[in-house]
1. Across the stretch 248-267, which residue is farthest from residue 381 (Cα to Cα) among those that are modelled with pLDDT of 95 or more, part of a loop (DSSP other than H, G, I, E, B) and touching a helix residue (DSSP H, G or I) at 6+ places or on another chain (Cβ under 7 Å)?
2. With the checklist (1) surrounded by fewer than 24 Cβ atoms within 10 Å (Cβ to Cβ); (2) part of a strand (DSSP E or B) in hand, flag the one item residue 190 doesn't pass.
3. Look through 230, 219, 250 and report the one residue that is in the same structural domain as residue 149 (by TED's automatic domain parsing), exposed (fewer than 15 other Cβ atoms within 10 Å of the Cβ) and in contact (Cβ under 8 Å) with a residue 40 or more places away in the chain.
4. State whether the residues of the stretch 285-295 include one that is touching a helix residue (DSSP H, G or I) at 6+ places or on another chain (Cβ under 6 Å), under 27 Å from residue 74 (Cβ atoms) and either in contact (Cβ under 8 Å) with a residue 24 or more places away in the chain or in a loop (DSSP other than H, G, I, E, B) (or both).
5. Looking only at strands (runs of 3 or more DSSP E) that lie completely in the stretch 351-427, which have at least 2 residues being more than 19 Å from the chain's Cα centre (by Cα) and crowded, with 17+ Cβ neighbours inside 10 Å?
6. Counting only residues that are out of contact with any strand residue (DSSP E or B) (no Cβ under 9 Å at 6 or more places or on another chain) and not in a helix (DSSP H, G or I), how many does the stretch 307-326 have?
7. Any residue that is modelled with pLDDT of 95 or more, over 13 Å from residue 409 (Cβ atoms) and buried (at least 21 other Cβ atoms within 10 Å of the Cβ) - is there at least one of those in the stretch 121-128?
8. Between 405, 389, which is in contact (Cβ under 8 Å) with a residue 12 or more places away in the chain and either assigned by TED's automatic domain parsing to the domain that holds residue 146 or over 22 Å from residue 113 (Cα atoms) (or both)?
């Protein structure tokens, strides 16, 4: 196994860089596919230790990105996603270590059957191969995606945003150092070295080189990926998430969930963006007051505006906006049917929640709302692979094929048919 990756020269075009990385990733993927679960886990534990050991270097690199980001006028939400401190770096390392402790899906027998002619059929989980991840702002994705791909037997080609280039390089350096010390090929997790946007286009058109593209970022990035990709895409759309307060909701629970869903971290994809309130809910004013008191700007329809002088008028665009800031839109609806109609029209299919003590109402909501994650009496901030017991996540898929919701190890595998015979020939 190679201890160091082959250097890439500055003279290479983005297309040549991606093609070269793809060839080396394919070779690394063949090695990863044959590694035992124990060996992969040991390498990831080494990687977690290396990230902890390099924490100061990672913080120094991140400080450069933060300074540049502020100078470029990045939004508070983007800066929050970009920032790394001791706690977040420890979280990154702990996430890598957690992946090492997960059950390896590779080699799992999904199903077994025997045909009348005696042929024994098995569906067995195998790695997808080479996975390209295109992401913005969040340096933790460098480690999360790399760890998940490595543990599931896939080689990864990572292309982070230019705003996080120094942080990504520092995290990647530490990750690969640990992986190679643990016996993995250095080319198992590669980081595209150029910030040239043409590299994204090269990845998207690399059919036969990259097997799957996973975009993690804003609406414009995902739209570009879906428009240009010649490679299969595991889509992660924006999180226009709703929480519906039913007439039978407990007031204290409703207040706590709404404030947490919006304000715990406003820059995450699971944050509440639109609050829907049943017109029959008896006391909505405390919900609005709690949001305002927590520092949230409230934009509402005509009914919501009656509840406070500081509530701005919501326009049509607000219902289709992922704020990722302390801003929430509020709309009153006619019961469950009104809530579901609004969600059907405006939800991005990420995470939608209901707060109610009426089980029948909740069951109807959970069955009818067609989002990747639906919740009953819980904050949408739980929309996270770690909170689902999956360890780190590579993203939350809002599509309907292959994998949906938080995508972790199993979502990064496919399967093949293994057939055992005793000399059968087909008549």
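The values are calculated or read from the model by the stated rules, or taken from the named source; none is laboratory data. Owing to the predicted nature of the structure, the values given are computational and were not obtained by experimental measurement. Note: ideal-geometry Cβ built from the backbone for every residue, glycine included; neighbour counts use all protein chains shown.
1. Applying the filter and picking the extreme gives 248.
2. (1)
3. Answer to the selection: 219.
4. Among the residues of the stretch 285-295, at least one is touching a helix residue (DSSP H, G or I) at 6+ places or on another chain (Cβ under 6 Å), under 27 Å from residue 74 (Cβ atoms) and either in contact (Cβ under 8 Å) with a residue 24 or more places away in the chain or in a loop (DSSP other than H, G, I, E, B) (or both), which makes the answer yes.
5. Numbers: elements: 351-355, 373-376, 395-397, 405-407, 413-420.
Filter on the stretch 351-427 gives 351-355.
6. Here the count works out to 1.
7. No: zero hits.
8. Of 405, 389, the one residue that is in contact (Cβ under 8 Å) with a residue 12 or more places away in the chain and either assigned by TED's automatic domain parsing to the domain that holds residue 146 or over 22 Å from residue 113 (Cα atoms) (or both) is 405.
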